[in-house]
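Notes to accompany the following structure.
The values are calculated or read from the model by the stated rules, or taken from the named source; none is laboratory data. Note that the structure is predicted; figures quoted are calculated from it, not measured. A quick note on method: Cβ atoms are made from the backbone with ideal geometry, for glycine too, and the neighbour counts reach across all protein chains shown.
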Amino acid sequence: MIDIENIELQFLTINDYQELKNAMIEAYSSMPNSYWKEEHIQSLIAKFPEGQVIIKVNGQLAGCALAIIVDYDELEGEHTYRDITGNYTFDTHSQDGNVLYGIDVFIKSEFRGLRLGRRLYDYRKELCENLNLRGIAFGGRIPNYHKYAEEMSPKEYIEKVKRKEIHDPVLNFQISNDFHPSKILKGYLEGDEASNEFAVLLEWDNIYYKKQSDKAATQKKIVRLGLIQWQMRPYKNFGELMQQAEYFIDAVSGYRSDFALFPEFFNAPLMAENNHLPESEAIRELSKHTANIVSKFSELAIAYNINVITGSMPEIKNDLLYNVGYLCKRDGTTERYEKLHVTPDEAKIWGMQGGSQLKTFDTDCGKIGILICYDSEFPELSRLLADEGMDILFIPFLTDTQNGYSRVRHCAQARAIENECYVAIAGSVGNLPKVHNMDIQFAQSMVFTPCDFSFPANGIKAEATTNTEMILIADVDLDLLSELNQFGSVRNLRDRRTDLFELRKR
């Protein structure tokens, strides 16, 4: 056991060359003359000094990592080690590239078992993130393959290594460091008889990579949600209802919220003027306000610089009644969403039809999904949205009793866990004694998160007071979702057994 007094990561200098040469001769004893010449190292340091690092233990060189930057397009076809290094000149290095390519990495034998290799890889990952590169790649040797070459292909060998049926010291280490095999490279490294000159192109994806854009706008990573827990009360007319809606939009935008979420059927108080009609006719009369509400919300979204999710409203298309809502973006565009599953009460009392459109929406705050109330209780819908890259799921709802609310609330929280996303729910409170079929409301608006170390242990980011008119403001960090997807304690999206089942839209 080495008596360690100091471990230090340093940039490689030409003064380290002789010690580096001796270390490489030892590390690659099975491949004669496999060390870099002094002019090669000098060239690497001159072209990309921050990419060349060594690790020293008690002042003695214990390991090394060398790298250049290349363009990802160069990796899409077949390439050899000689190709990627420009015949060992490193002229392939480009500051305009987008991938950190590993040229060499090793730990001397007497220092193995101290997890020093992980330190070198952690440095590479941090460098990749700091330089805003899309990832790391390199051709990984498979030094035990020669033992199995006569009985299996490189592909079969790699699969057995991944299943822990075969031990390969290089490949096992790379996989444990979050690298994934992307292709097999034939004739990669001349003289690598242990690997039969095969290598595996291994890649690590930088989840923080931001592709350069010509647009002045940037996509936000910390997103502020404004949830409106709406009080059902009588309104004299359409203007008074929208005055209250504008008040809430003004309030949440005053806190610089990126979204304002209204509940399902927040405009139901306007049915009071038609309470003398059968319920199925009163709801159709209510639908006559929908176009004006959407137009007004779009104006407010622009005026208050906020994305407004209008909850839901009745709308008639081809003489059929639907429950729909609109996303009114602050750039002036609007998009429509539909309730796909209507409740038995909506179908029986109002004659409402289920919609057929399910999609995500691109916003300046990431990709979002919107499911109206009952739709949240069908997990396949949100899973399809997650497959399209949804970051935040909004659920406007309307529930009359606590047990109805509990169904929405618990299903919404499950959606956050299983789809690794944020879920925001907003409902109405109070009562409408002069509107049939809308007598009482029960709600507690909330924002849910996945349950992992970067999030609240109970999965609740914020919660409103039950049955009280109020707004709820909460910040959500989209980068935490990317980290969860890659490094979470469990990874619900990545670990799905898609070899056994398939979920798709018709």
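In table form, for the structure just shown:
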quantity: Residue that is farthest from Asn437 (Cα to Cα) [pool: residues in region 260-299 that are small (Gly, Ala, Ser) and part of a helix (DSSP H, G or I)]; calculated: Ser298
quantity: Those residues of region 371-392 which are under 19 Å from the mean Cα position of the chain (by Cα) and of a type in the set (Asp, Glu), in sequence order; calculated: Glu380, Asp387, Glu388, Asp391
quantity: Residue tally, condition assigned to a loop (DSSP other than H, G, I, E, B), among the hydroxyl-bearing types (Ser, Thr, Tyr) and at pLDDT below 90, over region 89-115; calculated: 0
quantity: Qualifying residue in region 208-231 (condition: assigned to a helix (DSSP H, G or I) and either touching a Leu at 6+ places or on another chain (Cβ under 8 Å) or assigned by TED's automatic domain parsing to the domain that holds Lys329 (or both)); calculated: no
quantity: Only listed residue being under 26 Å from Val423 (Cα atoms) and at pLDDT below 95, chosen from Asp331, Asp362; calculated: Asp331
quantity: Evaluation of Lys108 against (1) under 19 Å from Val70 (Cα atoms); (2) touching an Asp or Glu at 6+ places or on another chain (Cβ under 8 Å) (one fails), failing number; calculated: (1)
quantity: Residue that is nearest to Asp122 (Cα to Cα) [pool: residues in region 165-181 that are touching a helix residue (DSSP H, G or I) at 6+ places or on another chain (Cβ under 8 Å) and surrounded by fewer than 16 Cβ atoms within 10 Å (Cβ to Cβ)]; calculated: Asp178
quantity: Qualifying residue in region 114-126 (condition: touching a Lys or Arg at 6+ places or on another chain (Cβ under 8 Å) and buried (at least 19 other Cβ atoms within 10 Å of the Cβ)); calculated: no
quantity: Qualifying position, being assigned by TED's automatic domain parsing to the domain that holds Leu44, of a type in the set (Gly, Ala, Ser) and surrounded by 19 or more Cβ atoms within 10 Å (Cβ to Cβ), among Gly59, Gly97; calculated: Gly97
quantity: Strands (runs of 3 or more DSSP E) contained in region 328-390 and holding at least 3 residues closer than 22 Å to Lys221 by Cα; calculated: 361-363, 366-370
quantity: Index of the failed condition, Leu133 passing every other in (1) in a helix (DSSP H, G or I); (2) touching a residue at least 24 places away in the same chain (Cβ under 8 Å); (3) not aromatic (Phe, Trp, Tyr); calculated: (1)
quantity: Enumeration of residues in region 131-147 that are under 25 Å from Asp71 (Cα atoms) and out of contact with any Asp or Glu (no Cβ under 8 Å at 6 or more places or on another chain); calculated: Leu131, Asn132, Leu133, Phe138, Gly139, Gly140
quantity: Which listed residue, of Glu420, Glu377, is of a type in the set (Asp, Glu), touching a residue at least 24 places away in the same chain (Cβ under 8 Å) and under 14 Å from Val447 (Cα atoms); calculated: Glu420
quantity: Residue, modelled with the lowest pLDDT, within region 199-216, restricted to residues that are closer than 27 Å to Leu484 by Cβ and surrounded by fewer than 11 Cβ atoms within 10 Å (Cβ to Cβ); calculated: Ser213
quantity: Top-ranked residue of region 136-183 - restricted to ones that are in a helix (DSSP H, G or I) and aromatic (Phe, Trp, Tyr), ranked as farthest from Ile103 (Cα to Cα); calculated: Tyr157
quantity: Test: residue in region 373-392 that is of a type in the set (A, V, I, L, M) and either surrounded by fewer than 17 Cβ atoms within 10 Å (Cβ to Cβ) or under 26 Å from Glu279 (Cα atoms) (or both); calculated: no
quantity: Answer from Arg256, Arg284 - the residue that is under 30 Å from the mean Cα position of the chain (by Cα), surrounded by fewer than 21 Cβ atoms within 10 Å (Cβ to Cβ) and not hydroxyl-bearing (Ser, Thr, Tyr); calculated: Arg256
quantity: Options Ile25, Ile84, Ile14, Ile4: the member that is surrounded by 19 or more Cβ atoms within 10 Å (Cβ to Cβ) and of a type in the set (Val, Ile, Thr); calculated: Ile84
quantity: Residue match in region 414-423 (condition: acidic (Asp, Glu), part of a helix (DSSP H, G or I) and surrounded by 14 or more Cβ atoms within 10 Å (Cβ to Cβ)); calculated: yes
quantity: Exclusive hit being farther than 30 Å from Ile283 by Cα, modelled with pLDDT of 95 or more and assigned by TED's automatic domain parsing to the domain that holds Glu346, set Ile395, Ile473; calculated: Ile473
